[in-house]
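Asker: What follows is a structure written as structure tokens; I'll ask about it next.
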Amino acid sequence: MTTVAQEAGAPTGAAPPSDPGAAIVTSGLTKRFRGGQTAVDALDLTVPRGSVYGFLGPNGSGKTTTIRMLLGLITPTGGTCSLLGLPLALALPRVGALVEGPAFYPYLTGEANLRRFDAADPTASGATVRRRVGEALERVGLTAAAGKRYRNYSLGMRQRLAIAAALLGPRELLILDEPTNGLDPQGTREVRALVKEIAAGGTTVFVSSHLLAEVEQMCTHAAIMRTGRLVADGTIASLSGGLATRVSVETPDAADAARVLAALGLADVRSAAGAVTAELGGHAPERVNAALVGEGVAVRGLAVVRPSLEDVFVGLTGEGFDVDG
Ligand SMILES: Nc1ncnc2c1ncn2[C@@H]1O[C@H](COP(=O)(O)OP(=O)(O)OP(=O)(O)O)[C@@H](O)[C@H]1O
């Protein structure tokens, strides 16, 4: 776990781009490691204030490296970035971050851990620590468990405590690197719900993930990375809006169903494994169903299949979104 206020210092390049409406702007941001590996390649990103921005990519696509550059933890080899339209040193006290695994003491309570954590931040005021720790615990729903030892916390509670550590001051922007990694399903649900709550309170959240479905559920916007490069970005709706919504008809009468769909004017009619699918276009699904039934097709099921971010990724790269987890 890294508090950005503690480890700030590395420059993020000259003349950071500024956009007062944006929480994060990067321009040509690049990181080439000494061994020659380009982990992040000319990344242009604009994260609108108030968004829950999913930074999505398979393992090794450059997400953590980007976040470390944003927070001044490593120096870019090219390009610029800015947070909240401010120089990094001014922005960082307004930014909470969860970047690496939190190092909490197992034998201390959640509250005592946060106090210790806060004490290590030279910009934090000792006079207000009690109130700030209490507020942070409340924000992540750990007030009742404040006096419980960390080692007795569930995985979800541990991660919520880590997020509380990032919320010890008022934050306009919260940057979370894979916050659900390693959590069980319950912990994952807790963290996702917490991210939504924090965003509802007005904080912009930038959250990396290698899980497409997670970003679809949790985020308003997303950027999709692949081998250090930005593949696509925008609102979730606009990303998947480029692909057609399809109707899928489950039927034993595939040939007849295909004929009816084509006669209705649906495009790209395909038959496979007991189902016929086609682009829905402007057709109302209930009318498609009525037409099928009217023509004597035995409809066992009819579903409207909206394109997922995975479809977007596959469509743009020609590859599967190959992740472990
Ligand atoms: N310090 C380093 N030195 C050399 N190469 C590095 C270093 N840190 C990361 N890399 C490489 O840069 C690439 C991007 O890594 P990064 O950790 O940013 O990806 P990621 O998308 O966050 O993946 P993950 O989800 O697995 O952490 C990888 O190929 C990684 O091996």
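The values are calculated or read from the model by the stated rules, or taken from the named source; none is laboratory data. Just so it is clear, the model here is predicted, and its values are computed rather than measured. Ideal geometry is used to build each Cβ from the backbone, glycine not excepted, and the neighbour counts take in all protein chains shown. Side chains included, ligands, DNA and RNA excluded: accessible areas come from the protein's heavy atoms. Shrake-Rupley method; radii C 1.70, N 1.55, O 1.52, S 1.80 Å.
Asker: Could you list, in sequence order, the residues of the range 46-78 that are within 13 Å of I175 (Cβ to Cβ) and away from the ligand (no atom under 14 Å from the Cβ)?
Answerer: Listed by number, the residues that qualify are V47, S51, V52, Y53, G72.
Asker: In the list G36, G60, which residue meets the criterion of being open to solvent by less than 60 Å² (accessible area, probe 1.4 Å) and small (G, A, S)?
Answerer: Answer to the check: G36.
Asker: For the range 79-123, give me the residue count where each residue is under 14 Å from P170 (Cα atoms), open to solvent by 30 Å² or more (accessible area, probe 1.4 Å) and not polar (S, T, N, Q).
Answerer: 3
Asker: In contact with a Gly (Cβ under 6 Å, 6 or more places away or on another chain) and open to solvent by 20 Å² or more (accessible area, probe 1.4 Å), is that true of L29?
Answerer: no
Each row is one residue, and each column tells you yes or no for (1) in contact with an Asp or Glu (Cβ under 7 Å, 6 or more places away or on another chain); (2) outside any strand (DSSP E or B); (3) open to solvent by less than 40 Å² (accessible area, probe 1.4 Å).
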position: G156; (1), (2), (3): yes, yes, yes
position: Q159; (1), (2), (3): no, yes, yes
position: A162; (1), (2), (3): no, yes, yes
position: A165; (1), (2), (3): no, yes, yes
position: L176; (1), (2), (3): no, no, yes
position: N181; (1), (2), (3): no, yes, no
position: G187; (1), (2), (3): no, yes, yes
position: L194; (1), (2), (3): no, yes, yes
position: I198; (1), (2), (3): no, yes, yes
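Asker: Counting only residues that are open to solvent by 50 Å² or more (accessible area, probe 1.4 Å), of a type outside the set (G, A, S) and without any contact (Cβ under 8 Å) to a residue 60 or more places away in the chain, how many does the range 279-312 have?
Answerer: Qualifying residue count, the range 279-312: 10.
Asker: I would also like to ask the following. From the residues in the range 192-241 that are under 22 Å from G141 (Cα atoms) and within 16 Å of the ligand (Cβ to nearest atom), which one is modelled with the lowest pLDDT?
Answerer: The residue in question is E214.
Asker: Considering each of V247, V276, V260 in turn, give the residue that is touching a residue at least 24 places away in the same chain (Cβ under 8 Å), of a type in the set (A, V, I, L, M), assigned to a strand (DSSP E or B) and farther than 30 Å from R226 by Cα.
Answerer: V276
Asker: Here is a follow-up. With respect to L92, is the statement that it is within 13 Å of the ligand (Cβ to nearest atom), of a type outside the set (D, E) and closer than 17 Å to L176 by Cβ true?
Answerer: It is false that L92 is within 13 Å of the ligand (Cβ to nearest atom), of a type outside the set (D, E) and closer than 17 Å to L176 by Cβ.
Asker: Which count do you get for residues in the range 67-103 that are under 23 Å from R160 (Cα atoms) and either outside any loop (DSSP other than H, G, I, E, B) or without any contact (Cβ under 8 Å) to a residue 12 or more places away in the chain (or both)?
Answerer: Residues that pass the stated criteria total 10.
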